[in-house]
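Here is the structure we will look at.
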Amino acid sequence: MKLTIGLVAKPGTSIAYKTGSWRTGQLPHFAQLKCNSCDLCALACPEGCVTQVEKGKYQADLDYCKGCGICALVCPIKEIKMEAEVR
Ligand code: SF4
Ligand code: SF4
């Protein structure tokens, strides 16, 4: 009988990696003018780094934001614009 030995990584390590250092050079800008708090941006962010700070006001944690632009893509009222990051 053949024995196969696998390898399992430790779970929950993504918080330890500040994925913001991989950023594309673009940042989401939340205009916060007409936001209806639908939460789609927070749900769609693959890094889970968008949070609501108060009703109608969302922000991305730049330690983890990779600049992928998905939040801007899913926002139904185009409240989020991707902007070039100045480093
Ligand atoms: S740009 Fe991507 S990683 Fe950054 S907040 Fe939006 S969805 Fe999340
Ligand atoms: S997707 Fe747009 S409208 Fe919905 S909570 Fe996010 S910023 Fe507000």
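Couple of notes before you dig in:
- All positions within region 67-87 that are open to solvent by 60 Å² or more (accessible area, probe 1.4 Å), in a loop (DSSP other than H, G, I, E, B) and either under 14 Å from T19 (Cβ atoms) or modelled with pLDDT of 95 or more (or both): C68, P76, I77, K78
- Residues that are assigned to a loop (DSSP other than H, G, I, E, B), near ligand 1 (Cβ under 9 Å from one of its atoms) and aliphatic (A, V, I, L, M) within region 29-66 comprise just one, L62.
- From the options G12, G6, G25, residue that is at pLDDT below 85 and at positive phi: G12
- Scope region 21-48; condition closer than 19 Å to A84 by Cβ and either open to solvent by 80 Å² or more (accessible area, probe 1.4 Å) or within 14 Å of ligand 2 (Cβ to nearest atom) (or both); matching residues: S21, W22, T24, P28, H29, F30, A31
- Neighbours by Cβ (under 7 Å, 6+ apart or cross-chain): first from region 14-25, touching a residue at least 40 places away in the same chain (Cβ under 8 Å) and within 13 Å of P46 (Cα to Cα); second of a type in the set (F, W, Y) and surrounded by 13 or more Cβ atoms within 10 Å (Cβ to Cβ): T19/Y64; G20/Y64
The values are calculated or read from the model by the stated rules, or taken from the named source; none is laboratory data. Not measured: the values here are computed from a predicted model. Methodologically, a virtual Cβ is constructed for each residue, glycine included, from the backbone with ideal geometry; neighbour enumeration extends over all protein chains shown. For the accessible areas, the whole protein counts, side chains as well, though only heavy atoms, and no ligand, DNA or RNA atoms are used. Shrake-Rupley method; radii C 1.70, N 1.55, O 1.52, S 1.80 Å.
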